[in-house]
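Data first, discussion second: the structure below is written as structure tokens.
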Protein chains: 2
Amino acid sequence: MRFLPLLLALLASCASTSGLSLFGGEDPLASWADGEVKSTITSFVSEATDPESVHFVPAEERIAVFDNDGTLICEKPMYSQLAFMVDRAREYVAEDPTLREKEPYSSLMDGTFGSTKDIEAFIELAMETHTGMLDEEFVAVAEGWLASARHPDLQRPYTELVYAPMLELVAYLQDAGFQVWICTGGGVDFVRCYAKDVYGIGPENVIGSSGQKAFREIDGRGEFVRLRELVVPINDGPGKPVNINRHIGRTPILAVGNSDGDLEMLEYVAQRHARTLTLLLHHDDGEREFAYDDGIERALRAAGDGEIEVISMTRDFETIFQPAP
Amino acid sequence: MRFLPLLLALLASCASTSGLSLFGGEDPLASWADGEVKSTITSFVSEATDPESVHFVPAEERIAVFDNDGTLICEKPMYSQLAFMVDRAREYVAEDPTLREKEPYSSLMDGTFGSTKDIEAFIELAMETHTGMLDEEFVAVAEGWLASARHPDLQRPYTELVYAPMLELVAYLQDAGFQVWICTGGGVDFVRCYAKDVYGIGPENVIGSSGQKAFREIDGRGEFVRLRELVVPINDGPGKPVNINRHIGRTPILAVGNSDGDLEMLEYVAQRHARTLTLLLHHDDGEREFAYDDGIERALRAAGDGEIEVISMTRDFETIFQPAP
């Protein structure tokens, strides 16, 4: 390891140029408007990576968790996995019209399904569209859908409707030696289909909700069979800290969310270390995206009281989406 | 990123010196006896890391999984977590002698408990000793025990009784850009207590069995409460591929085990890629360690037929344990 000191010097120098712009390179957070939120982020990261700082954090403890739908990627009018489920369910009905008489298909086709707040109907729909097949079959179907589906208003593939500032933040943190994880209420296999290509986050760093699987020999080969049974807990609300503990085994120092379902994750991170950064994205830009407070009320109140910093999309996002490729 | 090409060259050069001994450095696998197993390992890793080789594997897919008890660390006469449970149960009985009348305590104190094959009694013992407390309390108790307990025959701390060749193999793979994971039937929180210090494997790379936890506010702080309910599946047998899929989301190219409980993991890895390395450690050295075929019969038969390579401790381990520090 005789090259190690030189290597470390080069790595540090690389991090400075690409990550922190000390030498006047491009701003790695160019899509963020200058202001308090942006400077809070850059100060936090500078201090966490500066061995001379009292707030220095060893690389192995630099862990960041991001919610997915609404935090990294557009979730209105319907988040991509729900749109996938609805499209799949319609295909099933087209193949077998008798399904129309059964839930969750009947209320879906009547247009009365609507809200994901009816958790039982939602789980029923998820089970119908995500189980009873092999893992590889599901992945092929999901990848096919992701490649062809278009957002109803914006007419772009869902996976292009990711927030440019968030993509920059993920890369900025990774350049600063952070392990960046996704912690999504959505299905882990669905998000893993695009997380590496779209966010640069590998499947091993995606925590999500999931159904149980069985590993069974089928035609002489071990296969994962997707079962009609949930892995407990669902990765939402207090389930997020539980699954972070299960998958990561240490408490992140940085968390980003956008809804009440992220509140326990944000509070968990804020409480556990002396210095943390917890961010709540507020969708308040009806002109450039969608404005909504529904499902973020508790989290906004908590942010008013405490350590959670609100990102205002209107004020803090210079750009919303990446330009089309 | 203008230093990147130089950096990559230096990294490659580091990997060659420390990992592959091309320049005559120290043998990174010095505790392995020269022979077929050792050369199979070094060829596999050389080819996987050589961009010119047809068997080259991109760094992100270089994933290795190791069983823990009996593979990385001595498991006889009793693996460390079982010894921990027995010691804890004896303490409970000393505090409350009426427990002596109840299972699993009565058969434990009678000496009739014995085998971990009585899975119900075993789970009962695990629940008694691992749940009904906060996560932080459990970790403190487990760390205290690990620091003070001694192996009954060898009179050394359990965490010193790790196999020197396996420690070298873990480091050798990490130097070659592999993500090295533990996939243990044991309890994930127990193994995480020492995995980083002893193996250099962080908690986020430890997959194991676990009880459910609830995240609850207690005295104004979010705490993990350890519940009397298992996370499904237990991480043994076909549960290992299921949990590898859940945690990693891609199939490893290398797996190491030592028992029938590892067979599905080994077969899963062997089947899924064109070129894999699957190793089964056979404890056949009664002089230097413990010789036993109990619980490895199916796996040995499978190794005879197929792609699984048997490591004979007698033949392939030049050294068994690290010297005492």
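Every read-out reported here was derived from the displayed coordinates using simple, explicitly stated rules and does not represent laboratory data. Keep in mind it's a predicted model, so treat the numbers as computed, not measured. Here Cβ is always computed from backbone atoms with ideal geometry, including for glycine, and neighbour counts include all displayed protein chains.
Once both axes come from the Cα atoms, what is the angle between helix B:263-272 and the longest principal axis of chain B, in degrees from 0 to 90, rounded to 10? In chain B, helix B:263-272 runs at an angle near 30 degrees to the longest axis.
Among A:LEU146, B:LEU154, the ranking by other beta carbons within 10 Å of each residue's beta carbon, starting with the fewest, stands as B:LEU154, A:LEU146. In chain B, a dipole from Cβ-located charges (positive for Lys and Arg, negative for Asp and Glu) runs towards its positive end, and of B:ALA59, B:VAL93, B:GLY306 it is B:ALA59 whose Cα lies farthest in that direction. Computed from Cα positions, the angle between helix B:135-148 and the longest principal axis of chain B comes to roughly 80 degrees.
From helices alone, chain B scores -12000 deg cm²/dmol at 222 nm; the rule is -39500 (n - 2.57) for each run of n ≥ 4 DSSP H residues, then divide by the residue total. Rg/Rh, computed from the Cα trace of the protein assembly as shown with Rh as the Kirkwood radius, has the value 0.97. For the pair A:ASP27 and A:PHE122, a Förster radius of 35 Å applied to the C-beta separation gives a FRET efficiency near 0.30, rounded to the nearest 0.05.
Label-to-label distances for A:GLU229 across copies, nearest first, come out at 1.4 nm, using points 7 Å from Cα in the beta-carbon direction. Judged by the gyration tensor of its Cα atoms, with axes a ≥ b ≥ c, the stretch A:177-247 is oblate; a/c meets the 1.5 cut and b/c is at least as large as a/b.
What separates the B:GLY304 label point from its copies, with the point 7 Å along Cα to Cβ, is 7.4 nm, written shortest first. The Cα atoms of the stretch A:149-215 cover 38, 37, 17 Å along the three principal axes, with the biggest extent listed first. Going by neighbour counts of Cβ atoms within 10 Å, the residues B:ASP67, B:ASP96 line up, fewest first, as B:ASP96, B:ASP67. If R0 equals 25 Å, the separation of the Cβ atoms of B:SER46 and A:GLU61 corresponds to a calculated FRET efficiency of about 0.15. In percent, rounded to a whole number, the relative contact order of chain A is 21, using alpha-carbon pairs under 8 Å and six or more apart.
Think of each Lys and Arg Cβ as +1 and each Asp and Glu Cβ as -1; about the Cα centre, that makes the dipole of chain A roughly 780 debye. Our summary gives the stretch B:138-209 a relative contact order of 29 percent, counting only alpha carbon pairs under 8 angstrom and 6 or more residues apart.
State the dimensionless ratio Rg/Rh of chain B (Rg: radius of gyration of Cα atoms; Rh: Kirkwood radius).
Values: Rg = 20.9 Å, Rh = 21.1 Å.
Reported Rg/Rh, Kirkwood definition of Rh: 0.99.
Identify which of A:ALA164, A:ALA64, A:ALA30 has the largest mean-square fluctuation in a Gaussian network model of chain A, with springs joining Cα atoms closer than 10 Å. Top of the fluctuation ranking is A:ALA30. Between A:PRO77, A:PRO203, A:PRO165, the residue with the greatest mean-square fluctuation in the GNM of chain A (Cα pairs under 10 Å linked by springs) is A:PRO77.
Taking the number of Cβ atoms within 10 Å of each Cβ as an exposure proxy, the fewest-first ranking of A:VAL188, B:VAL54 is B:VAL54, A:VAL188. Relative to the dominant Cα principal axis of chain A, helix A:36-48 is inclined by about 70°.
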